[in-house]
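Here's the structure, in structure tokens; my notes come after.
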Amino acid sequence: MATATLNPGEDTQLLQTIEMFEVIVQSQPSDYQSLEILKEAYSKLGRESDAINASKRIAQAYMETGQVSSAILEFETVLQRRPDDAEVQAALKEIESRANNSGMPEAGIKPSPATSTEMDDGRKALFKIFVDSKIIRSGDFDLCWRTVDMTAVPTAVTEPFIQVLQDKGILPIEKSLRLISDKSRTAYLPLEKYDVDIDLTRGFPADICRRWCVLPFDRMSKSILVATANPFNQQAMKELSQSTPQRLIWYLVPPADLSGNLRKAFH
């Protein structure tokens, strides 16, 4: 793919994106959303072989999570570029054989959250992780949890729960991030090394970003990358998704990186 339309700044940004997301998929090989971002970046830089390899890895990740139809579609996109790719042909034959022999089910697709009048801000999930697992006491959880006022327009960034845990000397940020990443399977991204698109952030409602401490920080193709310290917050995901037609891809980041960039964007 030609790269003539890329200016030096775009080229540098794409290389930075590749560097960051290669680290992510190295530690989380089944993170097909990050692999899709890599594929897009490779394609824009004209790195055809890398893009095709990323497509194969995406298809394999879909297979591992039981999303067979999506895997087939991804494999077929590779064959459109390389009709004689023996590896992909073999993979598709294996899928066909397994489906014929056992009626392989389409599993692993995350169901949509159940419709409910109760707001799900992630409190129950985090309580289970931190209190039920006896990492912290119930009283400490209640002390650090911030219940937001949905009727008020926030004028400042709400500090994430795990930041308050550290500020009160209850649990270090690093341990909290590790726990949340393991339980949520959300990819971790060290945002301080990323060139955040502040103009993109400002295109989203300030009250949503401040209230839930969420940061749209980059755009890749038809997707918006969003940073959070609470990937269980379904309410934040719902509100932010209503403000854009583009798909949101969420990443777990340190709270300080979130707060600092949000204050910069909405000062």
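The values are calculated or read from the model by the stated rules, or taken from the named source; none is laboratory data. Since the structure is predicted, the reported quantities are computational estimates derived from the model, not experimental observations. Note that each Cβ is placed from the backbone with ideal geometry, even for glycine, and that neighbours are counted across all protein chains shown. Each accessible area value is taken on the protein alone, full model and side chains, heavy atoms only, with ligands, DNA and RNA left out. Shrake-Rupley method; radii C 1.70, N 1.55, O 1.52, S 1.80 Å.
What to note about this one:
- Filtering region 57-70 for residues that are of a type in the set (A, V, I, L, M) and modelled with pLDDT of 90 or more leaves a non-empty set.
- Check on LEU252, within 30 Å of GLY139 (Cβ to Cβ), open to solvent by less than 50 Å² (accessible area, probe 1.4 Å) and hydrophobic (A, V, I, L, M, F, W, C): yes
- Among the conditions (1) among the polar types (S, T, N, Q); (2) at pLDDT 90 or above; (3) open to solvent by less than 70 Å² (accessible area, probe 1.4 Å), the only one that GLN33 does not satisfy is (2).
- Only listed residue being closer than 18 Å to SER34 by Cα and either open to solvent by 10 Å² or more (accessible area, probe 1.4 Å) or without any contact (Cβ under 8 Å) to a residue 24 or more places away in the chain (or both), chosen from ARG202, ARG247, ARG211: ARG247
- Scan region 82-118 for residues that are surrounded by fewer than 12 Cβ atoms within 10 Å (Cβ to Cβ), of a type outside the set (Asp, Glu), over 22 Å from SER30 (Cβ atoms) and at pLDDT 80 or above and the total you get is 3.
- Residues satisfying the stated conditions in region 83-96, i.e. part of a helix (DSSP H, G or I) and free of Cβ contacts under 8 Å to residues at least 24 places away in the same chain: ALA86, GLN89, ALA90, LEU92, LYS93, GLU94, GLU96
- Subset of region 214-227 that is modelled with pLDDT under 90 and assigned to a loop (DSSP other than H, G, I, E, B) - its residue that is surrounded by the most Cβ atoms within 10 Å (Cβ to Cβ): SER221
- Filtered by the rule that a residue be within 12 Å of ARG263 (Cα to Cα), of a type in the set (A, V, I, L, M) and touching a strand residue (DSSP E or B) at 6+ places or on another chain (Cβ under 7 Å), region 198-220 gives VAL214, LEU215.
- Subset of region 36-63 (residues that are open to solvent by 30 Å² or more (accessible area, probe 1.4 Å) and of a type in the set (Ser, Thr, Tyr)): SER49
- When the test is whether a residue is farther than 16 Å from ALA256 by Cβ and within 18 Å of the chain's Cα centre (by Cα), ASP182 passes it.
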